[in-house]
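> I'd like to ask some things about the structure below.
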Amino acid sequence: MAEIDPLAFQKGFQATQNAFDSARQNRLQDLLFSEKQREIGQANALDSLYRGAVGADGTIDRAKLLTGAASAGLGSRIPAMQTQFAAQDKAQIETRKAQLEAGLKQFEAMGQLMGGVTDQASYDLARQQAAGILGPEAAAKIPAVYDPEAIKRNVMQAMTVKDRMEQEYKRLTFGETQRHNLATEANTVRGQEMTAATARRGQDLTDARSREANALQGDLKQLQLQEKQEKLQEKDNAKKAAIANAEDALSVVDKAIKHPGREAASGVSGTLDPRNYVPGTDAKNFRVVLDQIKGQAFMQAYQNLRGGGQITEVEGKKATDAIARLDTAQSDAEFLTALNDLRGVMNAGYKRLTGKDYGAPTGTQTPAASGAPKDGATSKSKSGKPIVFRNGQWEYQ
């Protein structure tokens, strides 16, 4: 019987072992490669689902995305996606709450500040202190002239906005408490059922996450609706304020046009007539009206109409030229022409804003035989102010 060569046997065994190890290594590499391909395929599928779920405004249709993930066999990715959505919603709500808190503090501080305003001196002091509350840029937009009626209107508008902000803040805080209670309840249930099957624990966790995600999504939709309503209300308030300011400005121009002291205050009379220098005379009083036209409140009303698109570029140049021509050194005829030019531009902007000429009544009137209201007829302007018909036109009472 031939003897077995131990060295040859060892070499053969080693060769077999090497072949086995090589095959096993190849299988392992194949598995790793397949797993990597699967991950890449899932990532590509998820990217495709995201592209299909993103709207034109950049928002994600979450229901569509999650349904697509389930249909594409990506169910294992859904819990992580829900957690991510919940975190995003929570961050948005926290950011909004912080904005509301800051805004409410500003409203509170400005309310206390304006509550102590009684005259021009206290108003000037309040404007200086407002810079520390609203910031220099916002405070600079506060009119320089003390106007009790304007302050009253602004306070009423601010109270309306403040009430809405407080309601929204309470709703967000209540929703956050509900979500916390749901999470606490879910944790308690999971703790009591620690010995239950793994599938049940996993289902409980998924349900809790789904409830929290749904609650956050509902809060976010409500928040978006609230913001939309606030923007509409702000737009309406801004329009009402622009109408009121334009009416105030137009009433000043009309007052200047019909003022009994205009002729004495313009042209050569504006320099030589002693009535221009005596307090209480019509000529001296006219200069006060002229200062109003050149003042900040009037210019702000004009800029609001121009900035809102109610005054065209051509009309804007005409108005600017007219204001520049409001020099009492001119003849009364030229001065009156400048006033009428300015009124025409302001009325055109007012008409585009309200759909009617300034001074036209909003209530029903009994027309005279000629079709025009009778002298003494009363009504209300677009902003609700009482007006009366005199000398062929509507005026504020």
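> Which FRET efficiency value, to the nearest 0.05, is calculated for residue 160 and residue 94 with the Förster distance at 22 angstrom and r the Cβ-Cβ distance?
Computed FRET efficiency for residue 160 and residue 94: 0.30.
> Please state the equivalent ellipsoid semi-axes for region 293-340: what are the square roots of 5 times the Cα gyration tensor eigenvalues, largest first, in whole Å? Write down the numbers at each step before the final one.
Numbers: eigenvalues 94, 30, 9 Å².
That gives 22, 12, 7 Å for the three semi-axes.
> What is the distance in Å between the Cα centres of region 61-92 and region 24-41?
After rounding, the separation between the Cα centres reads 27 Å.
> Just to verify a number: FRET efficiency for residue 131 and residue 151, C-beta to C-beta distance, R0 = 30 Å, to 0.05?
0.95
> On full extension of the chain, what length is gained from residue 67 through residue 83, given 0.36 nm per residue of separation minus the C-alpha to C-alpha distance?
Gain on extension, residue 67 to residue 83, equals 4.2 nm.
> Rank the residues 272, 49, 342, 104 as a footprinting-exposure proxy: fewest other Cβ atoms within 10 Å of their Cβ go first. Can you show the working numbers first?
Values: 272 9, 49 21, 342 26, 104 14.
Ascending Cβ contact count within 10 Å gives the list 272, 104, 49, 342.
> Can you give the FRET efficiency for residue 14 and residue 42, using 1/(1 + (r/R0)^6), R0 = 45 Å, r = Cβ-Cβ distance, to the nearest 0.05?
0.60
> Pairs 64/231; 231/255; 64/170; 170/221; 317/385: which are spaced more than 26 Å apart, C-alpha to C-alpha?
Numbers: 64/231 29 Å; 231/255 36 Å; 64/170 31 Å; 170/221 16 Å; 317/385 30 Å.
Pairs exceeding 26 Å: 64/231; 231/255; 64/170; 317/385.
> Also: For a quick check: sort 107, 335 by the number of other beta carbons within 10 angstrom, fewest at the front.
So the residues, fewest neighbours to most, are 107, 335.
> Taking other Cβ within 10 Å of each residue's Cβ, how do 299, 156, 346 sort, fewest first?
Least to most surrounded, the residues fall as 156, 299, 346.
Read-outs throughout are calculated quantities, based only on the coordinates presented, and are distinct from any laboratory measurement. None of the values given here were measured: they were computed from a predicted structure. Glycine gets a Cβ as well: all are built from the backbone with ideal geometry, and neighbour counts include every protein chain shown.
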